Amino acid sequence: MKKEDIELWDWNRILLGTASPEFMLEVFLRTIVSFLLLFAILRLLGKKMNGQLNLTETAVMITLGAIISVPMQMPDRGILIGVIALICVLILQRFFNWTSVKSERLENATQGKLAILVRDG
């Protein structure tokens, strides 16, 4: 599309862009699959992910959103790449949580002294 082909009130271009109807159906299917995978990953991360988030959990949530958005939008990227990345983030977050529970120094370094005071009661 040339620059002179752009018209301000071209609603077909504004709403649909240049994507084919087949790709729009594919985006719909990719979104369903991605949502179900993201939902499963969030359940595996634990109930705490639904409540108040600490710094590392907030970073994980942002990362999950960034990972899942690329396969949904780009026709040349498959969903499998996003699935692998989601599983890697899940494993890393679970390992990080387990390690920070075992190591007071790591928890203090990542969460600050307030987290240790709250944990100790």
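If you go through the range 6-25 and keep only what is open to solvent by less than 100 Å² (accessible area, probe 1.4 Å) and either on the phi > 0 side of the Ramachandran plot or in a loop (DSSP other than H, G, I, E, B) (or both), you end up with 6, 10, 17, 19, 20.
Residues checked against (1) open to solvent by 80 Å² or more (accessible area, probe 1.4 Å); (2) in a helix (DSSP H, G or I); (3) closer than 14 Å to residue 38 by Cα; (4) modelled with pLDDT of 80 or more:
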| residue | (1), (2), (3), (4) |
| --- | --- |
| 52 | yes, no, no, no |
| 56 | no, yes, no, no |
| 64 | no, yes, yes, yes |
| 67 | no, yes, yes, yes |
| 83 | no, yes, yes, yes |
| 95 | yes, yes, no, yes |
| 108 | no, yes, no, no |
| 114 | yes, yes, no, no |
| 118 | yes, yes, no, no |
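In the range 57-74, the residues that are in contact (Cβ under 8 Å) with a residue 60 or more places away in the chain and under 22 Å from residue 28 (Cα atoms) form no Cβ pair under 7 Å with any partner that is of a type in the set (Phe, Trp, Tyr) and loosely packed, with under 13 Cβ neighbours inside 10 Å, whether six or more places apart or across chains.
The values are calculated or read from the model by the stated rules, or taken from the named source; none is laboratory data. Computed from a prediction, not measured in an experiment: that's the story for all the values here. All Cβ positions, even for glycine, are placed from backbone atoms using ideal geometry, and neighbour counts span all protein chains on display. Protein only, heavy atoms only, side chains kept; ligands, DNA and RNA dropped before computing areas. Shrake-Rupley method; radii C 1.70, N 1.55, O 1.52, S 1.80 Å.
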